[in-house]
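One structure below.
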Amino acid sequence: MIDETMESSERNLEKEKETFEEAINRPVIDIPTDFDIDASNLLIDDLVAGKVFVLGEIHGVRENPSIVYTLIKRFKFTRLGMEWDKGLGRVTQLFMDDGVLDFNSIKNSSDGRISAGYFALLKKLKAENLGTKTFFFDDKDSWTRRDEAMAEEIIGHTADSSPTIAIAGRAHADLADIREGDGTMHPSMVKFLEDKGKPFCNGEIRYLSGRYFSNQSKNFENVLGGDISKARFYRDEFGVYIFELPTASLATVAKPTGIYIE
């Protein structure tokens, strides 16, 4: 690991691409998890009823793709939505078809959403022929109404009742309003789903310790009472499905911004 500061003009794109591609080869695994039976059955009921499962993550955690894979295997999701720009469909299709990564199209991504692990996940889903179709629902052209636009994209891609898991930043998957940096408030993505009459259930990944990469390396503070050695899945008192991860580690992003290079 190298910690240093460098101007964007001094970026070594070849090195960053090489690092990113090497990280794609890290295995995505089925994480050993204690699944609460009641919570699992309730989620299955929700999916049978046609609800979209919206899972909130903290971007930039290396284990996130393995968590998604674990849930896909467990609950037989056949559609995966990701908070990536819609225009990346071509990039991922090229990668899936020919193994070619158009790094130039993602080279400025540093917020943790687009990580090497998610490319590895897409590759694994195809290799295992799990029948999981993928769509992207971020709309960079609608920033002022981004959450509403993302909700509309999800609705447009889920007209049938195929079991769907949609991964978004945790704030977008929470019914509470989102506060922007300037103090303004607006409804979250799932609140727009609710207002538009789209059936959904929501969940979140809780990280008990470790680190994540969102524009820079950051730490999770150890959660009180979070001393567990194995991941677990349960439903909390508010009806939110929780995937609890004991320890998180840094994801590899396309633009490490000179703070973190692996």
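Can you report the number of residues in segment 103-125 which are part of a loop (DSSP other than H, G, I, E, B) and under 16 Å from residue 25 (Cα atoms)?
Result for segment 103-125: 1.
Answer yes or no as to whether residue 43 is within 21 Å of the chain's Cα centre (by Cα) and open to solvent by 10 Å² or more (accessible area, probe 1.4 Å).
In short, no.
So how many residues does segment 63-82 have that are among the charged types (D, E, K, R) and surrounded by 23 or more Cβ atoms within 10 Å (Cβ to Cβ)?
Total meeting the criteria: 1.
Looking at segment 126-149 only, could you name the residues that are part of a loop (DSSP other than H, G, I, E, B) and either touching a strand residue (DSSP E or B) at 6+ places or on another chain (Cβ under 9 Å) or open to solvent by less than 30 Å² (accessible area, probe 1.4 Å) (or both)?
Hits for segment 126-149 are 132, 139.
Can you list residue pairs whose Cβ atoms sit under 7 Å apart, with the first residue in segment 62-75 being among the aromatic types (Phe, Trp, Tyr) and assigned to a helix (DSSP H, G or I) and the second being at pLDDT 95 or above and open to solvent by 10 Å² or more (accessible area, probe 1.4 Å)? Count only pairs 6 or more apart in sequence or on different chains.
Pairs found: 69/28; 69/30; 69/124; 75/44; 75/47; 75/163.
The values are calculated or read from the model by the stated rules, or taken from the named source; none is laboratory data. Remember, predicted model here, so these are calculated numbers, not experimental data. Neighbour counts run over all protein chains shown; Cβ positions are idealised from the backbone, glycine included. We work out accessible area using only protein heavy atoms, side chains counted, and drop any ligands, DNA or RNA first. Shrake-Rupley method; radii C 1.70, N 1.55, O 1.52, S 1.80 Å.
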